[in-house]
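*Asks:* Mind looking over this structure? Questions follow.
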Amino acid sequence: MTKDTNHCYSRELFEAFDDNDEETFVKILESGVSSNSCLYDSEQGNVCILSNAVRKGSTKFVDILLKYGADPNYEDEDGETPLFEALFSDCDNSIQELLYKYGANKNHRNKAGNTPLIQLMIRCSDDHAYNFQSTTLFYLLESGIDFQLSSSRDQKLIHFIALVHRCHISKTDISKRHVCIRYLEILIQNGLSVHLKDGSCVTPLHYAAMACCEGAVDYLIDYGAKPNARTISGQLPIHFLGQNADRPGFQKCLRLLLDSGSSIKNVDNQGRNILHYLTTTNKVSKLAIETVINEGMNSDIKDNCGLTPLHLCVIPSIFVHPDELEDDEEDKTDISNILTCLVHYGASVNAVDKNGLTPLHYSLRYELKQEIIGTLLKLGADTNLRTMTGETALHRATLYPNLLREVLNSGQTFEINATDNFGSTSLHWAIYYFEEDCIYKLLKAGADANICDLEGRSPVQYAIISKRTSLFKALGIIYCRETDPLPCKIYPSGETDFNVFLGAHMQVDGTNLDEKVPKQINISEQTQNSLSGECKLSSDESSSDCSEQNITYSRSNTIDLSEETYTDLFSGLDEECIGEDHMWCDCPLVQTVVYHNKMVDTVKWTFHCEKHRQSLANYMELILNTNNMGLYIDSTENSLVAENIKKFLEKLAFGVKQRNSLFECELQLAGSWKEGTKIVYPDEFDFKWILTKFSTAFEVIESNEENLRSYVKFHLKEQYRDSQFSEFLDEHFFLDGRKVIRALYTIINDVLFEMPPHAQLYPVKYLKTEKGSIDTLSFRWVGCTYKNMLIDIDIVPTLTPPNWIPRYMNNSKKMLQNFELENHTYSVVLKTPDSRFVKNWNTLFRLSLSDVEVAIFKAIPASALKGYILVKSLTNTLFFPQIYVTDEDYYLKRFITTYIIKTCFLHELEEDINNISQNQECLDHLAKIWALKIVSRIEKAIDTQGRS
């Protein structure tokens, strides 16, 4: 039987199975088609028919296949046998029993080195929606599995006690003893110690406490488990207990731990005690809080960041990215009652952290916290308290109109025109956040639209420099050309044209604007004539020359600022074109493309892209005219942010070196900043933390496996075997990335906790140390231009082996030769492959090509680079649609990523390398040509993928 014929019959076998056609299925097998037949699946690769039957839970077809010789230990592409899937899918154990009957290996290890039982545990720990049956568990435990094997995450079976606690008790499981105690008894009888630590130094007692399993906690303590054992982050079992205080066993577990020697006041490396953990979790329990306070806990104690339990009620974690926190906010309930409880027990509602932020300041970051903000205000939160950077609650409330309303209606006396350390009023902040509703509310409350910040910019001027000119409606100006210079002239007295515009000439109901913000602002002909020069409104004439003011005003037009009308003015309809054609076109029909019946409908999107092409052209012109990469706000603060980040990290690196000289590093900026291709905001930085001493102490071992050629190992050189490096090795003297990252990140966090506050930059997220994988620091920046801007900094431990060129590197590429990069040195970042699929993943590290890419980007003509920046920046516009799948009600993950764009750009460079001009003058028409080349390449890639 030929290969094609066999493939055809294999497909027929799968089709008979899908049709539940037992008779045809058996006939095909009897005709000689292999019972181990495979079929390619785009998501799962080659799928074995037996694994497919197991996955679908078809005991009948599994039995047929095994009788016809199917191999129960047949490996898929991940090295997993049908038993792996059976443990996960088989609820009644019938398929498992069939597989065991025909010789399925219970100790088979997949490519990551995990057995079926351990892989089941990992799968369930990664996704809490999954679970397993108690009969599945105990059948394996009692039938000869190897108890000494560890998972790819350095865990043994005894570390999965928390998962066992929540497993389903099978109907056929007649044992009346507690499932966790039965489990622990078997493991201990088979040689597993209660003192075993996993890769993060977490013990079984930690996991039992996290599950609030009083039976397991009591059993482990009786067998000698230590309640004061610490994880790599300094956490005790009592801290793990605080993560699930809503569970029934909390009170008894707490008493067991305290009676065995633990203390309610013990803190981890971040200075957090159990009360901090109780208030951090989404499962906050008032009873648990009252219990620990009655045990003698101070309700107002601060951690190393200056955060009190009251702070942590409204900001769940300093180790979770702020965007993730905002996604989880709706899950945290009953916070108002918890806040009231803490204040009742002595917590200060106006406590400040190291950066001067109160719980109220933090709460104003989250739209769903309106009730909480109301509670804080009732409890005495002071709206006039200033942060380290000088803003009040009013400044921070401008992110969401509903929260601003709470502050404005609080009944407290506050200065509506209060300025932060950079001279910005709350009106400047509302413009930065692009919040028309907030601008309206502030003007109505008496905000002065003429106050200038420390750079001399009024709110109108700030709106222009920030490219927020569509907000002029909210500020009372009818129209402003997007490309015009600043429209407001500043006089020596500090008065502006805008002051004249909104000054004494304008009276409504006999009241000056200074006394009352009117519901309607009438722009009279007299007011227009008072401005220097004469301008006429016509959006059709926006391209004509105007006076030095460069503003076009309406004759006898009226802007209605009543709240009812305002909502209609600025709310775009969900499914209708808004019809406006400014730079930030927010037409819903160009933001979303519908996918239905396996077809993508681009008709409306194409039509409205054409309709709003002037907006797109304006944006493209803006990017082409920017002097600083693709950062579209032309401000000195772009470079100021970068300089401060660099200096901050240099101080951080110096502090790390003082604590442990082994981690002395060379800091190297990487990513788009190093390439010169950063777009939109200066909000992301990549830094290679080059470990110079590690780089010279290890030799590079390149992999011979085809799928791991982009990864290498580091083997400690003989002369360093008895040095400090030993604690970062596995048993074969290979560098263990987890150990390096955990140690480095722990020191970095410790140094950060002790660093004095920065004038404009303050940390909001620290590095996670438990997993030992690459993580991100997050900061907030406050300045004249950027307000409370979130900045992410990747800290990437890196080794640079001296004089090393990877043997698999294709140096014959024309581009490398053209730019004389054939002998360029390479670095290796401590980023590992997926632990689920690769054995010894923690000793494999990824080759970095970023330095070579940077060298290429520095060498190419400015026009080519600008063309790439232009395409890259377009992915951040509202013209770049998301694909909405109507049948399943979700948005597809974007295919066109910056990685795809860069790959297509490099291919274009490679093909056109002989024709590239070295002229560094950036000509717009050449930049557009390069942008079109990249887009054409992307179209080809999409077309190729679609046809495949």
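*Asks:* Quick check on the range 266-310: of everything there that is among the basic types (Lys, Arg) and surrounded by fewer than 23 Cβ atoms within 10 Å (Cβ to Cβ), which residue is nearest to Val343 (Cα to Cα)? First the steps, then the outcome.
*Replies:* Restricting attention to the range 266-310, the residues satisfying the condition of being among the basic types (Lys, Arg) are 272, 283, 286, 302.
From what's left, surrounded by fewer than 23 Cβ atoms within 10 Å (Cβ to Cβ): 283, 286, 302.
Working: Lys283: 19, Lys286: 12, Lys302: 15 Å.
The extreme case among them is Lys286.
*Asks:* Can you list the helices (runs of 4 or more DSSP H) lying wholly within the range 207-291 that have 1 or more residues being within 28 Å of the chain's Cα centre (by Cα) and either within 24 Å of Lys156 (Cβ to Cβ) or modelled with pLDDT of 95 or more (or both)?
*Replies:* So the answer is 237-241, 274-280.
*Asks:* Continuing with the same structure: Kindly provide the set of residues from the range 348-373 that are within 17 Å of Arg405 (Cβ to Cβ) and surrounded by fewer than 17 Cβ atoms within 10 Å (Cβ to Cβ), ordered by number.
*Replies:* Glu367, Leu368, Gln370, Glu371
*Asks:* Assuming Asn618 fulfils every condition listed in (1) in the same structural domain as Thr875 (by TED's automatic domain parsing); (2) part of a helix (DSSP H, G or I); (3) modelled with pLDDT under 85 apart from one, which condition is it?
*Replies:* (1)
*Asks:* Moving on. Across the range 754-791, what is the total count of residues that are hydroxyl-bearing (Ser, Thr, Tyr), more than 18 Å from Leu399 (Cβ to Cβ) and part of a loop (DSSP other than H, G, I, E, B)?
*Replies:* 3
*Asks:* Here's a check for you: in the range 125-151, which residue that is surrounded by fewer than 18 Cβ atoms within 10 Å (Cβ to Cβ) and among the small types (Gly, Ala, Ser) is modelled with the highest pLDDT?
*Replies:* Step by step, filter the range 125-151, then rank; the result is Ser150.
*Asks:* Looking at the range 378-425, which of the residues that are of a type in the set (Val, Ile, Thr) and crowded, with 16+ Cβ neighbours inside 10 Å is nearest to the chain's Cα centre (by Cα)? Steps first, please.
*Replies:* If we filter the range 378-425 for residues that are of a type in the set (Val, Ile, Thr), which is where we start, we get 383, 387, 389, 392, 398, 407, 413, 416, 419, 425.
Okay, now just the ones that are also crowded, with 16+ Cβ neighbours inside 10 Å, so 383, 387, 389, 392, 398, 407, 419, 425.
Values: Thr383: 31, Thr387: 26, Thr389: 26, Thr392: 28, Thr398: 24, Val407: 30, Thr419: 32, Thr425: 30 Å.
Ranking the qualifying residues of the range 378-425, first place goes to Thr398.
*Asks:* Right, something else. Tell me which of these Ser639 doesn't satisfy, since it passes every other one: (1) small (Gly, Ala, Ser); (2) within 20 Å of Gly737 (Cα to Cα); (3) without any contact (Cβ under 8 Å) to a residue 40 or more places away in the chain.
*Replies:* (2)
*Asks:* Do the conditions hold for His165, that is, is it outside the structural domain of Phe728 (by TED's automatic domain parsing) and either at pLDDT 95 or above or farther than 30 Å from Lys768 by Cα (or both)?
*Replies:* Against the criterion (outside the structural domain of Phe728 (by TED's automatic domain parsing) and either at pLDDT 95 or above or farther than 30 Å from Lys768 by Cα (or both)), His165 does not qualify.
*Asks:* Still on this structure: Can you say whether Leu816 is modelled with pLDDT under 90, more than 31 Å from the chain's Cα centre (by Cα) and not in a loop (DSSP other than H, G, I, E, B), as far as the supplied structure shows?
*Replies:* The answer is yes for Leu816.
*Asks:* Within the range 696-719, can you find the residues that are part of a loop (DSSP other than H, G, I, E, B) and touching a residue at least 60 places away in the same chain (Cβ under 8 Å)? Spell out the reasoning first.
*Replies:* Taking the range 696-719 and keeping what is part of a loop (DSSP other than H, G, I, E, B), we get 703-705, 709-710, 717.
Scanning the range 696-719 gives Ser703, Arg709, Ser710.
*Asks:* Name the single residue, out of those in the range 643-675 being within 29 Å of Thr897 (Cα to Cα) and of a type in the set (Asp, Glu), that is surrounded by the most Cβ atoms within 10 Å (Cβ to Cβ).
*Replies:* It comes out as Glu675.
*Asks:* Can you confirm whether the range 720-735 contains a residue that is assigned to a loop (DSSP other than H, G, I, E, B) and touching a strand residue (DSSP E or B) at 6+ places or on another chain (Cβ under 6 Å)?
*Replies:* There is at least one residue in the range 720-735 that is assigned to a loop (DSSP other than H, G, I, E, B) and touching a strand residue (DSSP E or B) at 6+ places or on another chain (Cβ under 6 Å).
*Asks:* Of everything in the range 696-735 that's aromatic (Phe, Trp, Tyr) and in contact with a His (Cβ under 7 Å, 6 or more places away or on another chain), which residue is surrounded by the most Cβ atoms within 10 Å (Cβ to Cβ)? Before the answer, list the steps.
*Replies:* Here is the first cut: in the range 696-735, the residues aromatic (Phe, Trp, Tyr) are 698, 711, 714, 720, 725, 728, 733-734.
Going one step further and asking which of them are in contact with a His (Cβ under 7 Å, 6 or more places away or on another chain), we end up with 698, 733-734.
Working: Phe698: 24, Phe733: 16, Phe734: 19.
By that ranking, first place goes to Phe698.
*Asks:* Evaluate the range 311-329: report whether one residue or more is farther than 29 Å from Asp453 by Cα, of a type in the set (Ser, Thr, Tyr), at pLDDT 90 or above and surrounded by fewer than 21 Cβ atoms within 10 Å (Cβ to Cβ).
*Replies:* Taking every residue of the range 311-329 in turn, none turns out to be farther than 29 Å from Asp453 by Cα, of a type in the set (Ser, Thr, Tyr), at pLDDT 90 or above and surrounded by fewer than 21 Cβ atoms within 10 Å (Cβ to Cβ).
*Asks:* Oh, and also: Among (1) surrounded by fewer than 17 Cβ atoms within 10 Å (Cβ to Cβ); (2) assigned to a loop (DSSP other than H, G, I, E, B), where does Glu97 come up short?
*Replies:* (2)
*Asks:* Something else about it: Could you give every pair whose Cβ atoms fall below 7 Å, whose first residue belongs to the range 54-65 and is assigned by TED's automatic domain parsing to the domain that holds Leu83 and among the small types (Gly, Ala, Ser), and whose second residue is surrounded by fewer than 17 Cβ atoms within 10 Å (Cβ to Cβ) and assigned to a helix (DSSP H, G or I), counting only separations of at least 6 or pairs across chains?
*Replies:* Gly57/Ser89
*Asks:* Charged (D, E, K, R) and modelled with pLDDT under 85 - does that describe any residue in the range 587-600?
*Replies:* Looking for residues that are charged (D, E, K, R) and modelled with pLDDT under 85, one finds at least one in the range 587-600, hence yes.
*Asks:* Now, a different point. Given Ile122, Ile186, Ile118, Ile181, which one is of a type outside the set (Phe, Trp, Tyr), buried (at least 21 other Cβ atoms within 10 Å of the Cβ) and either assigned by TED's automatic domain parsing to the domain that holds Arg738 or assigned to a helix (DSSP H, G or I) (or both)?
*Replies:* Among Ile122, Ile186, Ile118, Ile181, only Ile118 is of a type outside the set (Phe, Trp, Tyr), buried (at least 21 other Cβ atoms within 10 Å of the Cβ) and either assigned by TED's automatic domain parsing to the domain that holds Arg738 or assigned to a helix (DSSP H, G or I) (or both).
*Asks:* Output the residue which, of all residues in the range 621-642 that are at pLDDT 90 or above and among the small types (Gly, Ala, Ser), is surrounded by the most Cβ atoms within 10 Å (Cβ to Cβ).
*Replies:* Only one residue tops the list, namely Ala642.
*Asks:* Find the helices (runs of 4 or more DSSP H) located wholly in the range 332-428 whose residues include 3 or more that are closer than 24 Å to Asp303 by Cα, and list them. Don't jump to the end; show me each part of the working.
*Replies:* Working: elements: 335-344, 359-363, 370-378, 393-396, 401-408.
Of the helices (runs of 4 or more DSSP H) lying wholly inside the range 332-428, those with at least 3 residues that are closer than 24 Å to Asp303 by Cα span 335-344, 359-363, 370-378.
*Asks:* For the range 36-87, name all the residues that are in a loop (DSSP other than H, G, I, E, B) and buried (at least 19 other Cβ atoms within 10 Å of the Cβ).
*Replies:* Ser37, Ala70, Pro72, Asp76, Glu80, Thr81
*Asks:* May I pose another question? Do we find that Thr798 is within 30 Å of Cys452 (Cβ to Cβ), hydroxyl-bearing (Ser, Thr, Tyr), assigned by TED's automatic domain parsing to the domain that holds Ala697 and not in a helix (DSSP H, G or I) in this structure? Quick ask: steps written out before the conclusion?
*Replies:* Working: within 30 Å of Cys452 (Cβ to Cβ): no; hydroxyl-bearing (Ser, Thr, Tyr): yes; assigned by TED's automatic domain parsing to the domain that holds Ala697: yes; not in a helix (DSSP H, G or I): yes.
No.
*Asks:* Okay, next question. I'm checking my understanding of the structure. Among residues of the range 1-35 that are of a type in the set (S, T, N, Q) and in a helix (DSSP H, G or I), which one is modelled with the lowest pLDDT?
*Replies:* That would be Thr5.
*Asks:* Here's another thing I want to ask about it. Show the residue pairs that are 6+ apart or on different chains and have beta-carbon atoms under 6 Å apart, the first residue being within the range 646-670 and closer than 26 Å to Glu853 by Cα, the second being of a type in the set (Asp, Glu) and buried (at least 16 other Cβ atoms within 10 Å of the Cβ).
*Replies:* Every condition considered, the pairs that remain are Ala670/Asp686.
*Asks:* Which residue, of Ala112, Ala86, is closer than 20 Å to Ser835 by Cβ and within 35 Å of the chain's Cα centre (by Cα)?
*Replies:* Criteria check complete, one pass: Ala112.
*Asks:* For the range 780-795, give me each residue that is out of contact with any strand residue (DSSP E or B) (no Cβ under 7 Å at 6 or more places or on another chain) and of a type outside the set (S, T, N, Q).
*Replies:* Listed by number, the residues that qualify are Val782, Gly783, Cys784, Tyr786, Lys787.
*Asks:* What number goes with the only condition from (1) of a type outside the set (S, T, N, Q); (2) modelled with pLDDT under 85; (3) in the same structural domain as Ile679 (by TED's automatic domain parsing) that Val829 does not pass?
*Replies:* For Val829, the exception is condition (2).
*Asks:* Can Thr340 be described as out of contact with any Lys or Arg (no Cβ under 8 Å at 6 or more places or on another chain), modelled with pLDDT of 95 or more, hydroxyl-bearing (Ser, Thr, Tyr) and surrounded by 23 or more Cβ atoms within 10 Å (Cβ to Cβ)? Give the steps one after another, and end with the answer.
*Replies:* Numbers: out of contact with any Lys or Arg (no Cβ under 8 Å at 6 or more places or on another chain): yes; modelled with pLDDT of 95 or more: yes; hydroxyl-bearing (Ser, Thr, Tyr): yes; surrounded by 23 or more Cβ atoms within 10 Å (Cβ to Cβ): no.
No: the conditions fail for Thr340.
The values are calculated or read from the model by the stated rules, or taken from the named source; none is laboratory data. All values reported here derive from a predicted model rather than from experimental measurement. Reconstructed Cβ throughout: ideal geometry from the backbone, glycine too, with neighbour counts over all protein chains shown.
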